[in-house]
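The values are calculated or read from the model by the stated rules, or taken from the named source; none is laboratory data. The structure presented is a predicted model; accordingly, all values stated were derived computationally and were not measured. Here the Cβ positions follow ideal geometry from the backbone for every residue, glycine too, while neighbour counts run over all protein chains shown.
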Amino acid sequence: MKVLVTGATGFIGRHLTRSLESTGIEFVVLGRNFTEENGVRVDLLKTENFVEIVGKIKPTHLIHLAWYAVHGKYWNSALNIEWIRATFYLLDAFYKNGGEHALIAGTCAEYDWRYGYCVENVTPECPNTLYGEAKNATRRLTELTKIQYGRTLTWARIFFPYGVDEDQARLVPSLFRFFRGEDAPFGVNANAYRDFLHVSDTVEAIVLCAAKKFDGNINICSGKALLIENIVREIAYICGKNPNNILKFESKRKGDPAFLVGDNQKLRALGWNQNVNLREGLLTY
């Protein structure tokens with residue numbers, strides 16, 4: 001098993017490469033902002049010769065995580081369209097060079113959030129952002145490419161990973177900064193339920209799906225509904241502060257669903273189990 005990895009300097013990607021290295025799985029990084037020695041420096045959005053590049057690496061597996069992901073900006077960025085093209089050409093080159101199995105990072109934003117509980121191939125897709133629409137379009141294109149070459153492909157719909165190295169503007173690190181006296185208070189949608197999963201469990205799920213060559217759509221999630229208020233209270237407890245200093249500032253964005261949780265029966269059927277609970281995960285910050 002030789003894995004070609006993109007997005008290795010991103011939040012999940014950094015944990016993924018550490019996991020691959022610790023388990024002795026051979027991997028090569030493809031991207032423009034990496035520091036690892038075992039990689040090829042290339043701008044994925046400007047490359048025209050993926051066939052030549054991948055041909056020199058000769059990977060058996062592809063784990064494609066790279067995408068535009070600047071917090072607060074990626075939802076409606078035109079760069080989402082650029083990543084559709086780059087992903088298609090990369091996957092095509094991978095299969096042309098004998099690649100056996102690809103895993104591409106999708107998102108829970110592909111689902112129709114009005115349903116709340118998201119089940120693969122049951123809950124309708126109805127993205128309400130350019131990001132979600134671009135990911136969903138990429139899924140359709142890559143499925144056709146997979147069929148054309150007669151190979152396998154995991155479309156991994158990732159829900160809400162958290163952990164060390166995540167963007168400091170995201171919810172959990174923002175709450176830690178406030179309760180540690182490093183930032184001003186802000187509002188949260190305290191009554192909303194979300195499916196949070198520690199990044200280490202997220203990475204284990206990704207590696208498992210790739211290694212077992214799972215073919216199809218699969219949710220990468222805890223399968224548990226976690227109240228945002230409880231996240232606030234846990235972090236306040238860890239920091240020895242009053243959670244009401246945040247909870248009194250109620251905030252709800254337009255279109256923000258009250259409930260968004262994924263079904264993970266497919267993932268569990270592969271042998272995956274969640275290892276890190278909320279408090280254990282938060283204590284790593």
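Observations, loosely collected:
- Taken over the range 10-46, the criterion of being in contact (Cβ under 8 Å) with a residue 40 or more places away in the chain and part of a loop (DSSP other than H, G, I, E, B) is satisfied by 10, 23, 25, 44, 45.
- Single residue of the range 134-182 satisfying the filter (among the hydroxyl-bearing types (Ser, Thr, Tyr) and in a helix (DSSP H, G or I)) that is farthest from residue 253 (Cα to Cα): 149
- A Cβ distance below 7 Å, combined with a sequence gap of six or more or placement on separate chains, defines the contacts here; from the range 77-106, residues that are farther than 12 Å from residue 59 by Cβ and aromatic (Phe, Trp, Tyr) reach residues that are at pLDDT 95 or above and not in a helix (DSSP H, G or I) in the pairs 83/67; 83/68.
- Of all residues in the range 68-99, those satisfying the criterion of being within 25 Å of residue 52 (Cα to Cα) and among the basic types (Lys, Arg) are 85, 96.
- Boolean, residue 268 is within 23 Å of the chain's Cα centre (by Cα) and surrounded by fewer than 17 Cβ atoms within 10 Å (Cβ to Cβ): yes
- Any hit, the range 194-211, residues being at pLDDT 95 or above, touching a Leu at 6+ places or on another chain (Cβ under 6 Å) and not hydrophobic (A, V, I, L, M, F, W, C): yes
- Residue in the range 115-122 that is part of a helix (DSSP H, G or I) and of a type in the set (A, V, I, L, M, F, W, C) present: no
Residues checked against (1) loosely packed, with under 13 Cβ neighbours inside 10 Å; (2) closer than 25 Å to residue 204 by Cα:
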| position | (1), (2) |
| --- | --- |
| 31 | no, yes |
| 49 | yes, no |
| 55 | no, no |
| 63 | no, yes |
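- Taking the criterion of being surrounded by 17 or more Cβ atoms within 10 Å (Cβ to Cβ) and of a type in the set (A, V, I, L, M), the residues of the range 1-29 that qualify are 3, 4, 5, 8, 12, 16, 20, 28, 29.
- From the options 89, 95, 131, residue that is within 19 Å of residue 27 (Cα to Cα), assigned to a helix (DSSP H, G or I) and of a type in the set (Phe, Trp, Tyr): 95
- Residue 162 surrounded by fewer than 19 Cβ atoms within 10 Å (Cβ to Cβ) and among the aromatic types (Phe, Trp, Tyr): no
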